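Notes for the one structure printed next.
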């Protein structure tokens with residue numbers, strides 16, 4: 001036995017030769033991090049460790065304050081690099097997502113499909129019954145769930161109240177892209193298909209599973225989600241990971257990839273209620289004009305975004321493993337009542353000076 005122990009010591013000495021200074025490293029901060037659903041703790045990552053320009057921090061903050069921002073976050077691999085609150089807003093304060101919340105509805109619709117409760121290629125009337133619009137019945141029957149996801153239902157988009165008499169015919173479903181509140185009918189489809197209220201289904205299948213807070217405020221004109229900033233960031237991390245949260249695939253990856261890909265030929269910069277950068281052209285809400293070029297020229301081409309009025313934003317940039325969150329009042333009160341404004345390009349100019 002003594003001989004065996006002696007030989008073992010020799011072998012251990014040989015195997016450790018040249019490694020006397022080696023230490024055990026913690027898990028790499030380059031790995032993806034998912035914050036706990038039950039704790040307020042959230043890992044951070046130092047700006048200095050990223051090699052970013054720290055001289056760009058203050059100009060970015062000054063810009064955010066000037067543009068009526070209430071909260072702002074940058075996350076890399078799920079870790080907080082920057083988290084700022086302004087004008088009395090705090091980490092526990094809640095704020096309306098406005099149309100950025102459309103992406104929550106799209107994701108919940110995808111979950112209902114993966115559970116076999118609905119099929120987005122089916123007619124909306126399969127779930128809501130006929131005469132849910134004021135269109136001629138043959139035209140109404142052209143509208144699929146997919147048309148609601150892609151803003152191609154063919155309704156009169158100038159009428160914002162989502163009531164039957166306002167859902168009138170302008171074009172055949174799929175023939176015209178027009179941004180409107182008709183997406184709210186997706187919530188009715190999910191509720192009918194699941195035999196639960198939309199909010200209960202959303203809470204069970206999405207919100208609670210990724211540790212979000214927040215509530216839906218249901219209205220005839222606008223149905224809006226309201227939460228704290230970190231909840232918006234949680235959803236951004238889910239999106240960055242193609243619908244996966246830690247070891248759970250919350251939303252089918254193929255559906256999510258469809259969501260962040262061009263969904264129709266009319267507006268290449270629109271997916272399933274997500275806005276897409278890096279495409280050859282875009283059409284803005286309230287317009288039919290085709291504008292050449294990227295949606296946000298200063299932003300990375302692979303960026304996709306949840307965008308809401310008054311510049312509520314979730315930017316997701318896979319190439320940089322980054323999520324950027326902005327909540328607040330409109331950057332320009334004269335031009336912030338739609339989902340897209342010039343604020344995005346200005347902001348990304350400041351972010352680029354910081355992260356490069």
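Here residue 318 meets each of (1) crowded, with 22+ Cβ neighbours inside 10 Å; (2) within 13 Å of the chain's Cα centre (by Cα) with one exception, condition (1).
Does residue 18 satisfy the condition of being out of contact with any helix residue (DSSP H, G or I) (no Cβ under 6 Å at 6 or more places or on another chain), over 15 Å from residue 80 (Cβ atoms), modelled with pLDDT of 65 or more and loosely packed, with under 10 Cβ neighbours inside 10 Å?
Working: out of contact with any helix residue (DSSP H, G or I) (no Cβ under 6 Å at 6 or more places or on another chain): yes; over 15 Å from residue 80 (Cβ atoms): yes; modelled with pLDDT of 65 or more: no; loosely packed, with under 10 Cβ neighbours inside 10 Å: yes.
No.
Within segment 276-293, residues that are on the phi > 0 side of the Ramachandran plot and without any contact (Cβ under 8 Å) to a residue 60 or more places away in the chain have Cβ atoms under 8 Å from residues that are surrounded by 17 or more Cβ atoms within 10 Å (Cβ to Cβ) and in a strand (DSSP E or B) in these pairs: 293/282, counting only partners at least 6 apart in sequence or on another chain. Here no helices (runs of 4 or more DSSP H) wholly within segment 73-176 include at least 3 residues being touching a strand residue (DSSP E or B) at 6+ places or on another chain (Cβ under 8 Å), touching a residue at least 40 places away in the same chain (Cβ under 8 Å) and over 30 Å from residue 47 (Cα atoms).
Just a yes or no: is a residue in segment 225-235 within 21 Å of residue 122 (Cα to Cα) and part of a helix (DSSP H, G or I)?
Residues of segment 225-235 within 21 Å of residue 122 (Cα to Cα): none.
Within segment 225-235 (the criterion being within 21 Å of residue 122 (Cα to Cα) and part of a helix (DSSP H, G or I)), the answer is no, since none of the residues qualifies.
Could you please let me know if residue 185 is over 18 Å from the mean Cα position of the chain (by Cα) and within 23 Å of residue 248 (Cβ to Cβ)?
Details: over 18 Å from the mean Cα position of the chain (by Cα): yes; within 23 Å of residue 248 (Cβ to Cβ): no.
Considered against the rule, which asks whether it is over 18 Å from the mean Cα position of the chain (by Cα) and within 23 Å of residue 248 (Cβ to Cβ), residue 185 comes out as no.
Counting only residues that are part of a loop (DSSP other than H, G, I, E, B) and out of contact with any strand residue (DSSP E or B) (no Cβ under 6 Å at 6 or more places or on another chain), which one in segment 244-262 is surrounded by the fewest Cβ atoms within 10 Å (Cβ to Cβ)? Out of the qualifying residues, it is 247.
The values are calculated or read from the model by the stated rules, or taken from the named source; none is laboratory data. Quantities reported herein were computed from a predicted structural model and do not represent experimental measurements. Using ideal geometry, Cβ is built from the backbone for each residue, glycine included, and neighbour counts are taken over all protein chains shown.
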